[in-house]
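Participant: Quick one: this structure, given as structure tokens, is what I'll be asking you about.
FYI, it's all coordinate maths here, none of it is from the lab. Computed from a predicted model, the values in this text were never measured in an experiment. For neighbour counting, all protein chains shown are included, and Cβ atoms are generated from backbone atoms with ideal geometry for every residue, glycine included.
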Amino acid sequence: MGSLVTQPLEPIKVAAPPKATSPVEPPPLAAPGAPTSPAEAPLFNNCWSCRVLSGTGLIGAGGYVYWVARKPMKLGYPPGPGTITQMVFGISIACWGVVVLSDPKGKAFRVE
């Protein structure tokens, strides 16, 4: 009697998966992060048009978030902690867009 907490736990027995009967074993998996073949395209292409589109989109989104937070302040309402946080978040999104546009590490250019 009693609750489940006071009773000892019974071990659950799980059957082992059946052994493969085929003589051919699959090849071992590649290391995580390593490309599996040279023809495989990278996850993100660092082309100029992709960076311009995503960078300006992030700058625009950050500007919009900042503008929405700033609008009540222009009407004379005092800013609260939520408004300040929203403004900081908007500025952060816009700065992320600038980083995407500027490509500070130079990954977009091939050095041969």
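Participant: Hey, can you rank 73-86, 91-104 by average C-beta count inside 10 Å, highest first?
Facilitator: 91-104, 73-86
Participant: Okay, moving on. HN-Hα J couplings of the range 64-71 from phi, Karplus 6.51/-1.76/1.60, θ = phi - 60°, integer Hz, Gly and Pro as x?
Facilitator: 5, 4, 5, 5, 5, 6, 7, 4
Participant: While we're looking at this one, here's another question. Around residue 96, under 14 Å between beta carbons, what's the net of Lys plus Arg minus Asp minus Glu among the other residues?
Facilitator: 0
Participant: Using the basic label-point model (7 angstrom from Cα toward the beta carbon), what is the residue 85 to residue 73 distance in nanometres?
Facilitator: Result: 1.7 nm between the two label points.
Participant: Something else: Compute the signed sum of charges (Lys and Arg +1, Asp and Glu -1) over the other residues within less than 15 Å, Cβ to Cβ, of residue 86.
Facilitator: Net local charge, residue 86 excluded: +3.
Participant: So for the pair residue 14, residue 61, with labels modelled 7 Å out along Cα→Cβ, what separation do we get in nm?
Facilitator: 3.8
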